1. Would you please list the contacts, defined by Cβ atoms under 9 Å and residues six or more apart or on different chains, that run from a residue in region 128-150 that is more than 10 Å from Leu106 (Cβ to Cβ) to a residue that is basic (Lys, Arg)?
2. Of all residues in region 181-196 being surrounded by fewer than 19 Cβ atoms within 10 Å (Cβ to Cβ) and assigned to a helix (DSSP H, G or I), which is modelled with the lowest pLDDT?
3. On the given criteria, is Phe93 without any contact (Cβ under 8 Å) to a residue 60 or more places away in the chain, assigned to a loop (DSSP other than H, G, I, E, B), more than 18 Å from Arg70 (Cα to Cα) and aromatic (Phe, Trp, Tyr)?
Amino acid sequence: MRLRRPCKDDSAARGRLSVAATLPACHSNLARYVWLTAFDVRHNLTNAGTEGSSLTAAEQQEDKSVSLRRYHALNPRAQAVTDPAFSTDNPFFDARDLVQVKYEMLRRVRQDGQSVSETAAAFGFSRPSFYQAQALFERAGLPGLVPQRPGPRHAHKLSEEVVDVLEQALARESTLSSAQLSRLVEEHFGLRVHRRSVERALARRKKGLQAP
């Protein structure tokens, strides 16, 4: 009979805090994503062994999903990833891991010479999202691909950070429609916004820049 894990485990929280305290500040975003996600999974596996049982494959997958969600790195469009590497039974490639999916997408184009449109589609992204990921990777390396919080926003307004991303996308490709920009926001920040909201946010930014 498989033993159930306790609902509350203070040792896990203390352990995670200890790990976090030792991480270099300059690598905080990437380190927290990689090391603390790994800690959560290792802790659960260790506890399971101590209790006289081991986690099933399904439970391990669930644990990883919880960790990825905690660091905003759970891919909301995992089902849309059709790249062959993620379609095999190789556990190394995980379509739920948003950072890995973005990195492999960039590598396919840069190293394998595949087209942007076909590659972006195979990884469940739009062209604007590909170029946004590419810009972030070129500017900050792998830490740039770790999803960030979208920042505070009101019901009728997008945050300044989101509008910055929209303007950067338009600077690279001025023909993008508001619908395409809306999808970019969803893919990059996990926020579902109407295209009219995108148009209003950009109009407000433009009006603010034109003000004396």
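1. The qualifying pairs are Pro128/Arg172; Pro128/Arg183; Ser129/Lys102; Ser129/Arg183; Tyr131/Arg172; Gln132/Arg172; Ala135/Arg172; Val146/Arg32.
2. Of everything passing the filter in region 181-196, Glu186 is modelled with the lowest pLDDT.
3. Yes.
The values are calculated or read from the model by the stated rules, or taken from the named source; none is laboratory data. Being a predicted model, the structure only gives us computed values, none of them experimental. Every residue, glycine among them, receives a Cβ derived from its backbone with ideal geometry; neighbour counts consider all protein chains shown.
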